[in-house]
Amino acid sequence: MSIAIATDPPPTAHRIHRCTQRLGAGLTRGAIALAPVAARFALAVPFLKSGLTKWSGWLHVSPAADFLFESIFRLHLFGHRYPFPVPDLLAHFDAVAEVALPLLLIAGLGTRLSALALLVMTAVIQLTDPTGWANFHLPWAALALAIMALGPGPVSLDRLLGRLLRSRSAS
């Protein structure tokens, strides 16, 4: 005669714990995928919006952008204000960078370099407008540093190209 031992289901607390562990793991996977995308968009949008205002047609920088660099923008260094060197060239460079870099960042292509370039632009903007550090420049710099440190994340062209290159080199 054999004796069957009935196994009781795990106590309710144990089941709840396992369920919350699985839920937490799923939320973590989702956050790992979405957080870099959100950070890339959060940094890209203000620069892209600003960059789009600096164009007055296909490859024509607006006169307002030239005027800003020639007459309004000044570098604040060591208690003095200095004009930008070659303002027309800088206006063109800025207009291109404020559109191209955010688009690369959104796509997740050249992500770390794009974030580094936007960090440098943020530093120059800080030197131009020292009053915007708390509301604008500090969050932009923090986002750029986070993107540089953490990378583009799994939802990016950088990741896709990396996989394609690895699969080609393996075959």
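A few remarks follow.
- Being assigned to a helix (DSSP H, G or I) and modelled with pLDDT under 95 holds for only one residue in 123, 95, 25, 115, and it is 25.
- If the condition is being of a type in the set (S, T, N, Q) and in a helix (DSSP H, G or I), then region 28-60 contributes 28, 50.
- One residue alone among 108, 132 is on the phi > 0 side of the Ramachandran plot and in contact with a helix residue (DSSP H, G or I) (Cβ under 8 Å, 6 or more places away or on another chain), and that residue is 108.
- Yes/no for residue 64 being out of contact with any Leu (no Cβ under 7 Å at 6 or more places or on another chain), part of a helix (DSSP H, G or I) and among the aliphatic types (A, V, I, L, M): yes
- Filter result for the condition that a residue is loosely packed, with under 14 Cβ neighbours inside 10 Å and of a type in the set (Asp, Glu), over 88, 66: 88
- Residue 102 meets each of the listed conditions (1) within 15 Å of residue 129 (Cβ to Cβ); (2) in contact with a Phe, Trp or Tyr (Cβ under 6 Å, 6 or more places away or on another chain) apart from (1).
- Residue within region 131-145 that is among the polar types (S, T, N, Q) and open to solvent by less than 80 Å² (accessible area, probe 1.4 Å) present: no
- Matching option when the condition is in contact with a Gly (Cβ under 8 Å, 6 or more places away or on another chain) and closer than 22 Å to residue 54 by Cβ, among 120, 99: 99
The values are calculated or read from the model by the stated rules, or taken from the named source; none is laboratory data. Since the structure is predicted, the reported quantities are computational estimates derived from the model, not experimental observations. No Cβ is skipped: glycine too gets one built from the backbone with ideal geometry, and neighbour counts run over all protein chains shown. Note: accessible area is taken over every heavy atom of the protein model, side chains too, but ligands, DNA and RNA are not part of it. Shrake-Rupley method; radii C 1.70, N 1.55, O 1.52, S 1.80 Å.
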